[in-house]
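The structure appears right after this line, and notes come after that.
A short reminder: the numbers here are calculations on the coordinates, not readings from a lab. Since we're looking at a predicted model, the values are computed, not measured. FYI the Cβ positions are ideal-geometry reconstructions off the backbone, even for glycines, and counts take in every protein chain you see.
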Amino acid sequence: MHVSLDGFVAGPNGEMNWIKVDQEIFDHVGKRISQTDTALYGRVTYQMMESYWPTAADKPTASKHDIEHSQWYSQARKIVLSKTMKEVVLPNTTIISDQLAERIQAIKQSTDSGSKEILLFGSPGATHSLMQLNLIDGYWLFLNPVILGKGIPLFANIQDKIKLNLVTTRAFTCGVTELSYVAD
C-alpha cells in the first residue's frame, strides 16, 4: 500500500498521481510478490486491475514490469471483497460478500494457498473492513515523500491499539521508503 507522509492512500477523489514508482521499486515488489500466490482486492481495485493486467504483457510497448506482473497476476488466486459482485463467476477468483471474518480465516487456513500468505493490494475500503475485524497480520507500506493534506486515510475507525513490530525498511532512490511490519 502506498501512503503519503500524512497517512493518506489516495487523494479526496481517489487520486493516486502522487505515488512514486520506478524500476527499482517494480523489481523489489516483483521479487516480493513472487513469493505468494494469493491477492486480495476490494471491488474497485480489482476492476481496475482486471481491466489492465490480464493483457498488459501482450502490448507492444509492455515494460519488463508489465510482462512480469501480468504473468504473476494471471496465475495468482484472487479474492475480491464485494457486496455487488455476488453472482459473478470468474476464473481463479473468489468473491466474498458476507461472513468476511469466517471466509478470510478459512482461506488463510486452507491448504490450497501454497504460500499461506494473502497480499492485500490497495483497496482502502477493504483494508478498513479487515482492520476492524483484526484480520491483517502485517503492513507492507511504501511511504511516499508527499503531504496530501486530505484524502482517503489508511487508518480509519480504529477502535483498539494495534501493536506492530518492524520487520524491514528500505529506502529507494526516488525517495520512497518501504516499511514492513507484523502485528504483535
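Of note:
- Sorting 74-84, 25-35 by their mean Cβ neighbour count within 10 Å, with the most densely packed peptide first, gives 74-84, 25-35.
- Taking θ as phi - 60° and the Karplus parameters 6.51, -1.76 and 1.60, the scalar couplings of the stretch 24-32 work out to 4, 5, 4, 4, 5, 5, x, 5, 5 Hz in sequence order, x denoting glycine and proline.
- Exceedance of the 21 Å cut-off in Cα-Cα distance is limited, within the set Lys20/Lys64; Lys31/Lys64; Lys31/Lys83; Lys31/Lys86; Lys59/Lys86, to Lys31/Lys83; Lys31/Lys86; Lys59/Lys86.
- Dipole magnitude of the chain, debye to nearest 20 (Cβ charges: Lys/Arg +1, Asp/Glu -1, about Cα centre): 180 debye
- When each of the peptides 5-13, 40-48 is scored by the mean number of other C-beta atoms lying within 10 Å of its residues, the order from highest to lowest reads 40-48, 5-13.
- Over the stretch 83-162, Cα pairs under 8 Å with separation of 6+ residues give a relative contact order of 23 percent.
- For a straight C-alpha distance cut-off of 19 angstrom, the aspartates and glutamates reachable from Lys78 (same-chain residues fewer than eight places away being disregarded) are Asp37, Glu50, Asp66, Glu68, Glu87, Asp98, Glu102, Asp112, Glu117, Asp137.
- Within the chain, helix-based [θ] at 222 nm, where runs of 4 or more DSSP H residues each add -39,500 (n - 2.57), nearest 500: -8500 deg cm²/dmol
- Prolate/oblate/rounded call for the chain, Cα gyration tensor, a/c under 1.5 rounded: rounded
- Average Cα contact separation per residue, the stretch 19-131, under 8 Å, 6 or more apart, as relative contact order %: 35 percent
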